[in-house]
1. Filter the GluC sites (Glu not before Pro) in segment 56-101 down to the DSSP loop ones having no more than 12 other Cβ atoms within 10 Å, then list what survives.
2. Net charge near Glu84, counting Lys/Arg +1 and Asp/Glu -1 over other residues with Cβ under 12 Å of its Cβ?
3. Would you kindly state how much longer the chain becomes between Arg143 and Lys200 on full extension, computed as 0.36 nm times their sequence separation minus their alpha carbon distance, in nm to one decimal?
4. Once you've got the Cα coordinates, tell me which of Lys66/Lys88; Lys44/Lys122; Lys88/Lys128 are over 21 Å apart.
5. May I ask you to compute the full-extension gain from Lys42 to Trp112, defined as 0.36 nm times their residue separation minus their alpha-carbon distance, rounded to one decimal in nm?
6. In straight Cα distance, which aspartates and glutamates are under 18 Å from Lys188, not counting same-chain residues fewer than 8 positions off?
Amino acid sequence: MKALKNREWLILPAMFLAVHLMLFLESVSFGASSEDIHRWEKSKDVESLIPALGDKYSDVREAAAKALENLGEPLGRLIVQSLEGSEKAREALAAGKDPRAIVPLINVLATWDPNVRAAAAKTLGKLKDPRAVESLVKALEDRSDSVQEAAVWALGEIEDPLAVVPVVKALGDGRPNVRMVAAWVLGKFADGRAVDPLLKTMGNEDAKAREAASQVLDKL
């Protein structure tokens, strides 16, 4: 009993330190503060506000979008809306072809919310900018299936040959939905390196992946 109490006295300080460490890390500013946003808006510093659209905190992204809107810049609102799932906003971003949208969206791929990460990947796919390829390839290793699926789809939209090998890997290692999308994407690439992996998929137990691979192989 005495040993158990001694152990509790050791555990409690450790827990106390762990909680305070978490609070400290939460308090550290990894991006823009509200004071920064206000200062940049007041000085009409659009170039400083735009990177804040890629902050991992949604309230910072919202504040930056509002500040930009007040300065007559619609880009921020479109990015925020696209991260909320708005296809209309994604279409508007694609039509506008504003190159400033790419880096904030790439940075959002590192945020905590998997729904937001997936939305960022989908939006990057709509914009079809090759600068996003490296980050989208990294997103294929995301712990969220929905993010992986969105990243595969986005790479298929950009159609950069550098993505063929990573998508082939997703075809073999991914979850069912990811494998199915990967098969379709490899069909878009029409790259000879995809043939053998697609043939192997024909023996996969995943019926959807087999069907997608079969249809793609018929077109290659």
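No value in this document is a laboratory result; all are computed from the given coordinates. It should be emphasised that the depicted structure is a prediction, and the values quoted were computed from it without experimental measurement. Glycine also receives a Cβ, built like all others from the backbone with ideal geometry; neighbour counts cover every protein chain displayed.
1. Within segment 56-101, the qualifying GluC sites (Glu not before Pro) (loop, at most 12 other Cβ atoms within 10 Å) are Glu84.
2. +2
3. 18.0 nm
4. Listed pairs above 21 Å: Lys44/Lys122.
5. Gain on extension, Lys42 to Trp112, equals 22.2 nm.
6. The reachable aspartates and glutamates, counting only those whose Cα sits under 18 Å from Lys188, are Asp129, Glu149, Glu157, Glu159, Asp160, Asp196, Glu211, Asp218.
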